[in-house]
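Here is the structure we will look at, set down as structure tokens.
The values are calculated or read from the model by the stated rules, or taken from the named source; none is laboratory data. Remember, it's a predicted structure, so these values are computed and weren't measured experimentally. Cβ sites come from the backbone with ideal geometry, for glycine too, and all protein chains shown count toward neighbours. Protein only, heavy atoms only, side chains kept; ligands, DNA and RNA dropped before computing areas. Shrake-Rupley method; radii C 1.70, N 1.55, O 1.52, S 1.80 Å.
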Amino acid sequence: MATVGENGNSDGGEAPERSPVVEVPPVPELPPPADLYNADRVETFKGELLEFLGELVPPGEPPWDIGLIEGYGRGLVATRDIAVHELVFVDRPVLVGPRVNNYEVIFCASCCCILRRLQLCTGGCRLPICSRCDYSVGAASPHAAECRLIQSWQPKDAGRYSKNILYALTSIRGFLLSDRDRSIVLQMEGHPPRKEMTTEIERLLKDGYFWNLDGEGPAVRYLRQVVNVLNTNAFETSRIVADEENNHHEIILRGLYILGALMNHCCRPNVRYVFDDQLRMRVHASRPIKKGEQIMNNYSKILWGTQHRIIHLCFSKNFLCSCDRCKDPTESGTYLGALKCVRESCPEGRLLPINPLKISSLWRCDRCNLKMDNIKASKIQEIAGRMILNNAIKREASYIIDYLNDHIVKFLLPTNQFTVELKLQAIKKIQPDRPLAELREKEKYCVEILDVLHRLNYGECFVKGVLCYELFVTRVTIAKLLNESDIATETPDLEQLRTAWKILNPSGNRPKDIQQLVVKYGIE
């Protein structure tokens, strides 16, 4: 297998004299524009989807159906009452692969195992590959079909690694789908990219990575549509893999989960989802769901303020949300998007958008009535985000704690989204072997953010499970340091562990010791 240490691309020299002799699947034909919201088409689509899911759908009528909802288009609707924590459905990806971002480690493009050094596939596809998945393995290689496809386009500089081909691999895999699966994918919404956005396919064309890929041909038209569908519907998922020193790494991937993507958006959803160790999406009710009610997911971050959620949804999902949470300037009294009043004479004042549904809204202090235009408010948020996300968040736990106590309080509210994000990072970084003072801070941060989730009426969500686990472990550690181990077995603390277990148990990325804790403290 070729071993190289140089990345990049060049003009590729002269074209090869002839194409490699490979068998590739035919270029799928894009269907004519169709009404995705026709009742008969929806029923046919549902049948194809049920066939795709197979044994993942239990016998009998599932607790969900695909409905046509005014103002939403298609969506999932509960066919019966669903209890909190109940499994609503299990989905599997029709497409899964690398995301369009840089990675910190080198991994096999097929199985995601960590590679000590860059090894290129011997087939000439310019992708990193392990010896088990290499093209030379033959028919047994899970990478062989996609390698043959890439070979057919005649890659330039075949002896050099191409990160841009890696980034496009998930879309390229769309050629290898069965007719049924291709039909499912092409019936999903696919919003075209914004003008300023260069997709992974356009990058390959612009930089001339292939001798034999027509930028106006049917193959590229199909790739563009798959990219649009992925950008509109894909979820972030991951694999946990070990390197040769048995250090574990999380490889972030993106997957197209059709049933999951059919859930419409709400900033206060009624489900949570996790991915198990087979990359299946497991969706559970985070709050009780009534028969006929929509099964709703959140397309943005739980703890973002309204203005950030609106901007994200507008630019990435092409719609504006107007749910009850978005309409409330205080977000149920959490003030996640609020700013401190800039007047020194008004230390308790909070600046809030007068109309939170409008990005251009004026802001007004709830104490002194000072008004501020959106440009200034956005600038304050931009500066705060840059200071925190690009600086403090990368530092060690002790620095973050000092930064929160000595600096953040001067210009941000304790529950502002950037303050909360910094506290979440501190929770992650403060391990049980840290000093008692740091553990006390971690305990306080967990309680504060759990209170935010409670105020939002967010239900039994994934973040709550993580925080309950961290809070329980921290209190056990503090009790041991104070020789008060019996405190950790009190009912309220055991309830934290029980909640964490109910939420995190189905996840393939759950804390390694949570099952041991459940057994030790007799939770089940």
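Quick notes on this structure:
- Sum of side-chain charges, residue 499 neighbourhood, beta-carbon under 10 Å (Lys, Arg +1; Asp, Glu -1): +1
- Cα convex hull volume per residue for the chain (Å³): 180 Å³
- Where Rh is the Kirkwood radius over Cα pairs, Rg/Rh for the stretch 233-382: 1.08
- Value at 222 nm in deg cm²/dmol, rounded to 500, when DSSP H runs of n ≥ 4 in the chain each add -39,500 (n - 2.57): -10500 deg cm²/dmol
- Three semi-axes of the equivalent ellipsoid, the stretch 397-467, Cα gyration tensor, whole Å, largest first: 20, 16, 8
- Ranking 390, 420, 363 by how far each Cα lies toward the positive end of the dipole of the stretch 356-425 (charges on Cβ) leaves 363 at the top.
- Estimated Rh, the stretch 302-424: Kirkwood, alpha-carbon pairs, angstrom: 14.9 Å
- Using only alpha carbons, the stretch 47-106 has a radius of gyration to Kirkwood radius ratio (Rg to Rh) of 1.10.
- A DSSP coil position with no more than 16 other Cβ atoms inside 10 Å describes the following trypsin sites (Lys or Arg not before Pro) in the stretch 176-244: 194, 195.
- Listed peptides 344-350, 147-153 by packing density, highest first (mean Cβ within 10 Å): 147-153, 344-350
- Remark: C-alpha extents of the stretch 222-269 on the principal axes read 42, 35, 15 Å, sorted largest to smallest.
- Inter-part distance where the stretch 386-403 and the stretch 83-138 are each reduced to a Cα centre, Å: 32 Å
- Full extension of the chain between residue 36 and residue 111 yields a length gain of 23.5 nm, computed as 0.36 nm times the residue separation minus the alpha carbon distance.
- Computed over the stretch 391-511, the Cα gyration tensor eigenvalues convert (square root of 5λ each) into semi-axes of 23, 19, 13 Å, ordered from largest to smallest.
- Average Cα contact separation per residue, the stretch 245-303, under 8 Å, 6 or more apart, as relative contact order %: 37 percent
- The stretch 282-343: trypsin sites (Lys or Arg not before Pro) in DSSP loop, at most 15 other beta carbons within 10 Å: 290, 291, 301, 343
- Kyte-Doolittle mean at least -1.0 and Cα axial length at least 20 Å: DSSP H helices in the chain: 39-53, 218-233, 374-389, 436-455, 462-481
- Here's how it looks for residue 107: its modeled amide H is under 5 Å from those of 115, which are all 5 or more places away or on a different chain.
- Averaged over its residues, the chain has an accessible area of 48 Å² per residue, based on protein heavy atoms and a 1.4 Å probe.
- Charge context of residue 413, other residues only, Cβ under 9 angstrom, K/R +1, D/E -1: +2
- Taking every alpha-carbon pair under 8 Å whose residues sit at least 6 apart, the stretch 62-151 reaches a relative contact order of 15 percent.
- Every pair of different Cα atoms in the stretch 134-211 enters the Kirkwood calculation, which places the hydrodynamic radius at 14.4 Å.
- Cβ-based net charge around residue 125, under 9 Å, with every Lys or Arg adding one and every Asp or Glu removing one: +1
- Per DSSP, loop GluC sites (Glu not before Pro) in the stretch 149-250 with at most 10 further Cβ within 10 Å: 196, 216, 244, 245
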